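A.B. asks: My structure is below; once you've seen it, I'll send some questions.
The values are calculated or read from the model by the stated rules, or taken from the named source; none is laboratory data. These numbers were taken from a predicted model, which means no experiment stands behind them. Here Cβ is always computed from backbone atoms with ideal geometry, including for glycine, and neighbour counts include all displayed protein chains. Heads up: the accessible areas ignore ligands, DNA and RNA and are worked out on the full protein's heavy atoms, side chains in. Shrake-Rupley method; radii C 1.70, N 1.55, O 1.52, S 1.80 Å.
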Amino acid sequence: QKEVEQNSGPLSVPEGAIASLNCTYSDRGSQSFFWYRQYSGKSPELIMFIYSNGDKEDGRFTAQLNKASQYVSLLIRDSQPSDSATYLCAVKKTSYDKVIFGPGTSLSVIP
Amino acid sequence: DTAVSQTPKYLVTQMGNDKSIKCEQNLGHDTMYWYKQDSKKFLKIMFSYNNKELIINETVPNRFSPKSPDKAHLNLHINSLELGDSAVYFCASSQGTGSPLHFGNGTRLTVT
């Protein structure tokens, strides 16, 4: 089992719709969870981080964490063409500050 | 103003050569990392330093040698380059446990 798994996509949504990106992780002791966005040819940029169970909202983005199910998701409301990118889920393990990335989900927002 | 800066941005070299990539961060972070992103875009951790001390050393060929002269700098030296080393190498830094990573712009290494 891979440490962090994501649907590879591509995920296509129409402009204005809600995009839902999912991530599961294997280490039950993981403490910190991050979502990064990466445009083609660019470096990953942090969108959201979440540490506690529940929802965390920032503008059009909502991160959801369920540690019992080892599941973290990212919702993007009112999707825009500029949201088209690869979204990387990352999990920080409890020891040695090791951050493990998932394979990424490619999102395409269709105008 | 650049928080995490890497040089060079592009590196094209032949098999068997030795090359270095430099990274500097001005965020005051204690921890720095090297990640490799292959052609399938998978980001894999290679090394991590905390206050100049190596704390993560993943299964990486010993041709790769990181060096951290101080907590603001982390360099990566690669000996005897191979075709499979072609990738984008990202430097990153973080403040500590639980903190997110801040990435540099990456170095695209092409080995011919």
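A.B. asks: In this structure, does A:ILE18 turn out to be free of Cβ contacts under 8 Å to residues at least 24 places away in the same chain and either within 16 Å of A:SER106 (Cα to Cα) or not polar (S, T, N, Q) (or both)?
C.D. replies: no
A.B. asks: Now a separate question. Give the number of residues within the stretch B:75-109 that are more than 14 Å from chain A (Cβ to nearest Cβ), touching a strand residue (DSSP E or B) at 6+ places or on another chain (Cβ under 6 Å) and outside any loop (DSSP other than H, G, I, E, B).
C.D. replies: Summing the residues that are more than 14 Å from chain A (Cβ to nearest Cβ), touching a strand residue (DSSP E or B) at 6+ places or on another chain (Cβ under 6 Å) and outside any loop (DSSP other than H, G, I, E, B) in the stretch B:75-109 gives 7.
A.B. asks: Same structure again: Can you tell me which condition A:SER79 does not meet? The list is (1) open to solvent by less than 40 Å² (accessible area, probe 1.4 Å); (2) within 30 Å of B:GLU53 (Cβ to Cβ); (3) not in a strand (DSSP E or B), and all the others hold.
C.D. replies: That leaves (2) as the condition not met.
A.B. asks: Please indicate, with yes or no, whether at least one residue in the stretch B:22-44 is at the interface with another protein chain (Cβ under 10 Å from one of its Cβ atoms), in contact (Cβ under 8 Å) with a residue 60 or more places away in the chain, assigned to a loop (DSSP other than H, G, I, E, B) and not hydrophobic (A, V, I, L, M, F, W, C).
C.D. replies: yes
A.B. asks: In this structure, does A:LEU74 turn out to be modelled with pLDDT of 95 or more, over 30 Å from B:LEU54 (Cβ atoms), among the hydrophobic types (A, V, I, L, M, F, W, C) and outside any loop (DSSP other than H, G, I, E, B)?
C.D. replies: yes
A.B. asks: Among residues belonging to the stretch A:31-44 that are within 11 Å of chain B (Cβ to nearest Cβ) and not in a strand (DSSP E or B), point out the one that is farthest from the chain's Cα centre (by Cα).
C.D. replies: Selected residue: A:GLY41.
A.B. asks: When you check B:LYS71 against the structure, is it open to solvent by 60 Å² or more (accessible area, probe 1.4 Å), within 11 Å of chain A (Cβ to nearest Cβ) and not aliphatic (A, V, I, L, M), yes or no? Break it down into steps so the answer makes sense when it comes.
C.D. replies: Numbers: open to solvent by 60 Å² or more (accessible area, probe 1.4 Å): yes; within 11 Å of chain A (Cβ to nearest Cβ): no; not aliphatic (A, V, I, L, M): yes.
No; evaluated as a whole, the condition is false for this residue.
A.B. asks: Any idea which residue in the stretch A:1-30 is nearest to A:LYS98 (Cα to Cα), counting only those that are of a type in the set (A, V, I, L, M, F, W, C) and not in a strand (DSSP E or B)?
C.D. replies: Going through the qualifying residues, I end up with A:ILE18.
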